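Notes follow once the structure below has been shown.
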Amino acid sequence: MLHKFLVLIFALCLSVSTSLAQKQYKVVCVAFYNFENLFDTYDMPGKNDVEFTPNGANHYTEEIYLEKLDNLATVVS
């Protein structure tokens, strides 16, 4: 009888310990986006951004810059 009681207590302790060991985790999504090629329309000394000015090779205007910002905001959000 004592043997059955000890087995019952052991099984009860085992079931309680396994239910306590199951933790709830909150899932978090982490992402990044490369803004390395995001240039404004102003030439900054020391940076190689001349081609992204209105007079540069890409004719990078304020409208293009604002459209790029809007598109990036849509992608990131």
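Bear in mind these aren't lab numbers, they're just calculated from the coordinates by the rules spelled out. Source: prediction; values computed, not measured. Glycine also receives a Cβ, built like all others from the backbone with ideal geometry; neighbour counts cover every protein chain displayed.
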>> Any residue in the stretch 25-45 that is of a type in the set (V, I, T) sitting within a Cβ distance under 8 Å of a residue that is surrounded by 10 or more Cβ atoms within 10 Å (Cβ to Cβ) and assigned to a loop (DSSP other than H, G, I, E, B)? List the pairs, counting only those 6 or more apart or interchain.
In response: T41/T53; T41/P54; T41/Y60; T41/T61
> Within the stretch 21-63, how many residues turn out to be surrounded by 10 or more Cβ atoms within 10 Å (Cβ to Cβ) and not in a loop (DSSP other than H, G, I, E, B)?
Replying inline: 4
>> Against the conditions (1) under 29 Å from the mean Cα position of the chain (by Cα); (2) surrounded by 10 or more Cβ atoms within 10 Å (Cβ to Cβ); (3) of a type in the set (S, T, N, Q), where does S77 fall short? Just the number, please.
In response: (2)
